[in-house]
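Have a look at the structure below before the remarks.
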């Protein structure tokens, strides 16, 4: 069963593909191979790019230094050739989405006090925006590369008290998707990192929002922190009010739990995982160029699993392909 996307949707699935080509173009310049003024960089609109993480289930640590031959990619159960592969070469645009409902605020302030060390794990070209959410959302800081400013704005977010005390994940993530469209890195790896107790005031995820996330290639991560109230609600509802699970699963993200005294260390761990993700591109079959959802299965090769059978792969569960007619003239 697939979800029909809303009509006339113009989300771009090809941000990362564009950036790959721009890196190649920049590399040519660095090597002295300057194109003439008449050269045109043609974006490969036939390229779908995935963002993937490999985790060792025994240790919980990300696995680095794998090659394209270590993976097998299937679309609708048909094997595809991986034509582009890299590890941690693309810049990150991260929306830090902070739950400021009553039970979570103390954790947010704790993160703000010690976030600088964790944020230093980002690369200089990576950018971060800060949002607060409860019943409504508020953009506290637009995208910036200033790590100290982000730290200060996290503390400011913990003091926002004008947007209610509920926890409305769907509206918050939808707002974060809109903020992501304003990223200064127009073609970066895109992540929404939610800090919350993962207890929603809503019932279920928004299926159309899942479509938006899959189309834009955004990965959703969650740092789950709970005080006594959150633990009690989770126990009474038998975990039925989880707001992030569907979004992290669909986009290939992760949920990590943290106690108050370890939130800074767990935030740093999440950033390390973001830095350990692989990017890989493939040309989709002509039969999938129909604007519908097509299922992705990314797995490790049998030879790789023979070397280490405790590895598992996380990536998005599908893609919607639209072929824009895009020619970009080089400057």
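The values are calculated or read from the model by the stated rules, or taken from the named source; none is laboratory data. Keep in mind that this is a model prediction, so the values were computed, not measured. Using ideal geometry, Cβ is built from the backbone for each residue, glycine included, and neighbour counts are taken over all protein chains shown.
Structural remarks
- Only residues that are crowded, with 20+ Cβ neighbours inside 10 Å and out of contact with any strand residue (DSSP E or B) (no Cβ under 7 Å at 6 or more places or on another chain) were counted in the stretch 70-90, giving 0.
- Cross-chain or 6+ apart pairs with Cβ under 7 Å, the stretch 72-83 first and over 14 Å from residue 318 (Cβ atoms), then part of a loop (DSSP other than H, G, I, E, B) and modelled with pLDDT under 95: 83/283
- All conditions but one from (1) surrounded by fewer than 17 Cβ atoms within 10 Å (Cβ to Cβ); (2) modelled with pLDDT of 90 or more apply to residue 177; the one that does not is (1).
- When residue 248 is tested against (1) buried (at least 17 other Cβ atoms within 10 Å of the Cβ); (2) out of contact with any helix residue (DSSP H, G or I) (no Cβ under 7 Å at 6 or more places or on another chain); (3) modelled with pLDDT of 80 or more; (4) farther than 27 Å from residue 75 by Cα, exactly one condition is not met: (4).
- Residue that is in contact with a strand residue (DSSP E or B) (Cβ under 9 Å, 6 or more places away or on another chain), outside the structural domain of residue 318 (by TED's automatic domain parsing) and at pLDDT below 90, where the choices are 42, 34: 42
- Matching residues, the stretch 282-311, being under 18 Å from residue 69 (Cβ atoms) and part of a strand (DSSP E or B): 282, 297, 298, 299, 300, 311
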